[in-house]
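The values are calculated or read from the model by the stated rules, or taken from the named source; none is laboratory data. In this text the structure is predicted, and so the values were computed from the model without any measurement. Cβ: placed from backbone, ideal geometry, glycine included. Neighbour counts: every protein chain shown. Side chains are part of the model used for accessible areas, which takes the heavy atoms of the whole protein and leaves out ligands, DNA and RNA. Shrake-Rupley method; radii C 1.70, N 1.55, O 1.52, S 1.80 Å.
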Amino acid sequence: MTTLLDRFLHYVSFDTQSRAHARQVPSTEGQWQLARELQKELTALGLKEVTLSEHCCVMATLPANVDYPTPVIGFISHVDTSPDFSGKHVNPQIVENYRGGDIALGIGEEVLSPVMFPILHQLSGHTLITTDGKTLLGADDKAGVAEIMTAMAQLAQGDIPHGEIRIAFTPDEEVGRGTEHFDVAAFGADWAYTVDGSGLGEFQFENFNAASVTVKIVGNNVHPGTAKGVMVNALDLAMRFHAEVPATEKPQFTSGYEGFYHLHGVKGSVERAELSYIVRDFDRDSFETRKQKLIDIARRVGKGLNPDCYIDVTVEDSYYNMREIVEAHPHSIELALQAMRNCGVEPDVKPIRGGTDGAWLSFKGLPCPNIFTGGYNYHGKHEFASLDIMQKTVEVIIGIARLAAEKK
């Protein structure tokens, strides 16, 4: 019998890093390889309507084993891993019955330490799966993939009553294109859950409103020896612009429900400069205010410039807070929280200080909160997962399916 650990170790062996700015979806061939493997495994488990779309989205149905109408629920995870750190030749380490202290990664050049990562203090006695210090692990989100597959394998045995369940595995979530080609109508669920969270009990149904802001500055470059009254230094204007962005409203100074402005790119010369920001806020009105503030800063800094010199601000909304959608479907929240409690897990309801496929899907008509996977320290060499918490996620998925079948 294939275990949860077996599945997870198998899936992380696939190099599925996505690639930003690629034209095609999926952005890398490795995602196709894992998707085909999942398609094969789902068919072998006896699921029906197993499909693989032209854009690498796997969908499948576990038919109901009850003879009365029930909601159709879905579970979704993504197959890609972050482009931020290598996902090639992942070599997991298994630490059974973790007893605290530092964990040497690989030959010990890198260490997973509770001093740097205090969450380890809460995981004494757990079986931990770590990297060897040379790659990421891929728990984001292959832990979710393994958990969904394991839950479906158990439900397919037929001992637990459940309604129709839809499964989907998506590509390119890490580069923001995971649901670009997701066919909500074909998926056909009343609501779904992304299995893409982190610590035990984590449950999320709200996320940032998000926008990208590009500030383009055009100056005038002449020889500095004859620059008086003529030169307009675009770099000077860029520094003046950023100096007016609220100093304490940046990611390194915010948490919880606090929004921020984040300067993540600067390039330029005297002639031209460009600043790249992301803007985040949970409240839609505050979100709009933040975007307007950057436009107002541009007007002030650019006031009185020569007509050939200017500051241009382009704002592009990225995604919105799924709370607007999910709260209108409280059953999707209540069911998950009850399933956690039934499994002895205390729900930890918190906002996502980011975005997920669930946000996009919610606004495409599929309410889609997010549940925990047991993975930590995503996108880097210190990533690890707790097998004990992963098993709890499997239990919660099964618990949600059982409760949904009781909603006659």
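Please work out which residue is farthest from I297 (Cα to Cα), limiting yourself to region 235-255 and to residues that are free of Cβ contacts under 8 Å to residues at least 40 places away in the same chain and of a type in the set (G, A, S). Here the residue is A247.
Here is a yes/no grid of residues against (1) under 29 Å from W360 (Cα atoms); (2) open to solvent by 20 Å² or more (accessible area, probe 1.4 Å):
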position: K40; (1), (2): yes, yes
position: T61; (1), (2): yes, no
position: I76; (1), (2): yes, no
position: D80; (1), (2): yes, no
position: V95; (1), (2): no, yes
position: E109; (1), (2): no, yes
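If you take just the helices (runs of 4 or more DSSP H) that sit entirely in region 326-408, which of them hold at least 3 residues that are open to solvent by 60 Å² or more (accessible area, probe 1.4 Å)?
Where helices (runs of 4 or more DSSP H) fall fully within region 326-408 and carry at least 3 residues being open to solvent by 60 Å² or more (accessible area, probe 1.4 Å), they are 330-342, 387-404.
The residue that is most open to solvent (accessible area, probe 1.4 Å), among those in region 125-156 that are closer than 15 Å to D6 by Cα and part of a loop (DSSP other than H, G, I, E, B), is T127. None of D67, D84 is under 16 Å from the mean Cα position of the chain (by Cα), open to solvent by 40 Å² or more (accessible area, probe 1.4 Å), modelled with pLDDT under 95 and of a type outside the set (A, V, I, L, M, F, W, C) except D84. As a summary of the residue check, G344 satisfies the conditions (1) touching a residue at least 60 places away in the same chain (Cβ under 8 Å); (2) outside the structural domain of D236 (by the TED database) except for the one numbered (1).
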